[in-house]
Amino acid sequence: MRRLPGICALGAFLMLALPAWTAPFRPDDTKAAPQDIKPIIPGANRYQEGKVFLEHADEWRYEEQPDVAPEDQYQVLVGSVVFRKNDMYMYCDSAHFYEQSNSFDAFSNVRMEQGDTLFVYADELDYDGPTEVAVLYADPGKKVRLINRDVKLETDVFNYDMPAEVGYYNVGGVLSDAQNTLSSLEGEYHPNSKDAYFHFDVKLNSLNGSDTLRMFTDSLNYNTGTHIAELVSPTRIINADGEILSSSGTYNTETGLADLYKRSLVLTNRGNTLTGDTLFYDRNRGIGEAFGNMVLTDSARSSSLHGSYGYYDDFADSAFVTGRALAKEYSRGDTLYLHGDTIFAYLDKTDSTRVMNVYHKVRFYRSDVQGLCDSLSSTERDSILYMFRHPVIWSGDRQIYGNVIHVHFNDSAPDWAKLPEFGFMAEHLDEDCYQQMSATEMTTWFNDSTIRHLFAEGNVMLIMFPMEKDSTYNKFAYVESSIMDAWFLDNDIERVLFTPATTAKVTPLYLAKKGSYFLPKFEWYGDLRPTSPEDVFIVPQGMIDLIESAPPATIVKRTRPARKAGTAPDSEDTELASRQGKEAVKEDENP
């Protein structure tokens, strides 16, 4: 048999395999037609660094191209061509091999396979030997497809870095797994670790038919094994339960658990928002925890809670705040600032009414009213605020205090106040002159935060300083009675009725001892009064001493139907509260 030209060079090629050709084929007669040869593949170590091996080809041919640079000369492989690099196999119908650069181009029915888990399908593959990067292309109307178990990635041009074992695209692509579909302009996928990185116009959509989860961001990290998204840029997460805004953290798209950082926000479908430096949110349970500068807003109630730590249960409509805890109420335009060590707001399951309890060293401020006490409780059903352990309320120059105070609100404005156990009212007039009144029980009705009606009963005592024509005070009147009923106009007494009838004892100031100016139990607590929103956080020692001197109090949950707005409270209210206090779970100084 006649030996074909260049058969020795072919033997060298087959012995060393692609791409380590040390004796390239050079036909003896360069003018001869190229020959189709079925190559014989030698059994060499397939794990040589930087080398690609030819595993199979039906035919091989070479034709020297005189006008082509040496590095652009290529050899032709045809028919069931298979290349191998380490454990990655690459298949095609035909290929051009560039000997000098250890590169090749693969055409038609291109696919890459690694084990039984990673597959890539394309119409063309360009492998660059120096960088060991494969670039795969799809014909018009088709897509390059990567399949890795339940993961599918589709794009027009796909790059695969062999040494790093990572694929990426920068012409737009879509990755999907059993849980979600993600699209972006640029993306990167690591089959081994299942990590994916997306950039520019990133969108995530849940494939769960019962879920409405969507994400929108500029950059996102995602793991197809855990279905956890890592937030690395401002991200908007939307679902039927609400919305999350965050730029740092993780969100488990399977369980709905989120760990969020860098001042994130959760918006619930109630319209409430939860904000904190760090947030934990359980979407399925509707539970959120906030750490650092926590803010919980309730748009329906025009209120918000603030603190260093907060816990919120959306389904139960409850919240717990501590650490510089502050409640704000701004429905009237003039914000009320209410501070205590701990604030707990919840929905009472028995009658679906909103309850808020504030525990220990309570102080509040609004421009028209200020106050303090040890603890307080308010119920939305009866619109009553219960203040315990020596509460004090100021409005203008007037001060009211007692053992407990009940304040009724109508549209966030005080409507009436009741002091059922003991009440003392004082108003500073000038220097040592104070209008004063004390009684066993006292009820006051308001009109735009000014007194319009006062009813007192039980050991009523009254000291009044009538103003002279020259606007000075030179005498005072002292009155005792069992019942006093007074009406006011512009904060001045319009008429007063004492039962039984009584006569005032009037004493000129120059004949009176200064001590006689004051009723028993008179105190003026002006130095304890909050003077600004920031002042509610400053608890004077005098306030602590005042509270500690008072008997312990029990916060009582009322169950009696609410009284019609504008009607007076009666003694039964106090008796009912006392009775319920014995029956209810008591929350004393250590709630």
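The values are calculated or read from the model by the stated rules, or taken from the named source; none is laboratory data. Remember, predicted model here, so these are calculated numbers, not experimental data. All Cβ positions, glycine included, derive from the backbone under ideal geometry; neighbour counts span all protein chains shown. Side chains included, ligands, DNA and RNA excluded: accessible areas come from the protein's heavy atoms. Shrake-Rupley method; radii C 1.70, N 1.55, O 1.52, S 1.80 Å.
Observations, loosely collected:
- Residue-averaged 222 nm ellipticity for the chain, from DSSP H runs of 4+ at -39500 (n - 2.57), nearest 500: -1500 deg cm²/dmol
- A crude spin-label estimate for the pair Ala164 and His56, with each label 7 Å from Cα along the Cβ direction, gives 3.2 nm.
- Debye, to nearest 20: dipole size of region 112-203, +1 on Lys, Arg Cβ, -1 on Asp, Glu Cβ: 380 debye
- Using a Förster distance of 56 Å, the FRET efficiency for Asp313-Asn192 (Cβ separation, nearest 0.05): 0.85
- Highest average first, the peptides 532-542, 399-409 ordered by how many other beta carbon atoms sit within 10 Å of their residues are 399-409, 532-542.
- Within the full protein context, the accessible area of Asp195 is estimated at about 50 Å² for a probe radius of 1.4 Å.
- Solvent-accessible area of Tyr359, all protein chains in place: 10 Å² (probe radius 1.4 Å, heavy atoms, ligands and nucleic acids excluded).
- Residues Thr450 and Lys505, FRET efficiency given R0 of 45 Å [Cβ-Cβ distance, rounded to 0.05]: 0.95
- Shown here for region 179-266: GluC sites (Glu not before Pro) in loop regions (DSSP other than H, G, I, E, B) with at most 16 other Cβ atoms within 10 Å, namely Glu254.
- Linear extension gain, Arg285 paired with Phe200, 0.36 nm per residue minus alpha-carbon span: 27.4 nm
- Extension gain for the segment Ser549 to Arg236, taken as residue separation times 0.36 nm less the Cα-Cα distance, is 107.4 nm to one decimal.
- Where the chain is the region considered: accessible area per residue in Å², 1.4 Å probe: 47 Å²
- Legend: residue pairs Lys51/Lys142; Lys349/Lys418; Lys475/Lys505; Lys475/Lys513; Lys475/Lys514, Cα-Cα distance threshold 20 Å; pairs beyond threshold, Lys51/Lys142; Lys349/Lys418.
- Most positive-pole-ward Cα, Asn208, Ala258, Asn192, against dipole of region 128-259 from beta carbon charges: Asn208
- Label-point separation, Asp430 to Tyr330 (7 Å along Cα→Cβ), nm: 4.1 nm
- Estimated inter-spin distance, Thr117 and Val171, nm [label 7 Å along Cα→Cβ]: 2.9 nm
- Taking trypsin sites (Lys or Arg not before Pro) across region 462-503, the ones in a DSSP loop with at most 14 further Cβ atoms lying within 10 angstrom of their Cβ are Lys469.
- Shape category assigned to region 384-440 from the gyration tensor of Cα positions, a/c cut at 1.5: oblate
- Carbon + sulfur, % of accessible area of the chain - ligands and nucleic acids excluded, 1.4 Å: 51 percent
- The structure-derived value of Cα extents along the principal axes in Å appears in the list (i) 94, 69, 53; (ii) 148, 45, 37; (iii) 117, 66, 38 under the label (ii).
- Binning the alpha carbon pair distances of region 273-352 at 10 angstrom intervals from zero yields the distribution 19, 51, 27, 2, expressed in whole percent.
- Heavy-atom accessible area, probed at 1.4 angstrom with all protein chains present, ranks Ser304, Ser383 as Ser383, Ser304, highest first.
- In this Cβ point-charge picture (+1 for Lys and Arg, -1 for Asp and Glu), the chain has a dipole of about 1420 debye about its Cα centre.
- Net charge dipole size for region 237-331 [Lys, Arg +1 and Asp, Glu -1 on Cβ; Debye, nearest 20]: 300 debye
- Across all Cα atoms of region 354-469, the radius of gyration (one decimal) and Dmax (whole number) stand at 14.3, 51 Å.
- Solvent exposure of Leu305, expressed as accessible area, is near 10 Å², computed with a probe of 1.4 Å over the protein chains only.
- The stretch between Thr440 and Asp492, if pulled fully straight at 0.36 nm per residue, gains 16.4 nm over its current Cα-Cα span.
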